[in-house]
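Report on the structure given below.
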Amino acid sequence: MRMLRSICVFCGSSLGRRPAYVEAAKTLGQLLSELKIELIYGGGNCGLMGVLASEVLQTGGRVVGVIPEDLLARELGHDQLTELHIVRTMHERKALMSSGRMASLPCQADLELWKSSSR
């Protein structure tokens, strides 16, 4: 049986309206570290994606971020990641991130950003 080595998580750049979202991100981060599963995510330091990445890092896990150049300054790319890949577009970001297993902690604002960037 092949073990899961990494997982890509798409999640919000905001914290959401419910504290349960932040708790879910923290719980997932702890679980990924405990199971030694590398996190691949959007590379930001804000919102649920920042909470998730920070939790994985604080509990000893590996985190790979993928962020477009134009969002790097706005999202304040996480500066403590194991690896940070800077790409040109949202589509390059999605392609690089989605090359493995995926999960989602969605946010409506991120969905709208994705829709507007693909027009």
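Only the coordinates and a few stated rules stand behind these numbers; no lab work does. Bear in mind that the values here come from a model prediction, so they are computed numbers and not experimental data. In this analysis, Cβ positions are derived from the backbone assuming ideal geometry, glycine residues included, and neighbour counts consider all displayed protein chains.
Annotation: amide H of Cys8 within the under-5 Å range of Ile40, Arg101, Met102, Ala103, sequence separation 5 or more or interchain, hydrogens built in the peptide plane.
Scanning residues 5 or more positions from Thr82 or on other chains, those with amide H under 5 Å from its amide H are Val63, with H placed 1.01 Å from N in the peptide plane. This ranking places Met90, Met3, Met97, Met49 by how few other beta-carbon atoms lie within 10 Å of each, fewest first, which gives Met3, Met90, Met97, Met49. Of the trypsin sites (Lys or Arg not before Pro) found in the stretch 1-97, those in coil by DSSP whose Cβ has at most 16 other Cβ atoms within 10 Å are Arg2, Arg5, Arg17, Lys36, Arg88. In this structure, the amide hydrogen of Val87, modeled 1.01 Å from its nitrogen in the peptide plane, lies closer than 5 angstrom to those of Ile67, Glu69, counting only residues at least 5 positions away or on a different chain.
How large is the Kirkwood hydrodynamic radius of the stretch 1-67, in angstrom, based on all distinct alpha carbon pairs? After inverting the pairwise mean of 1/r, the radius is 11.6 Å.
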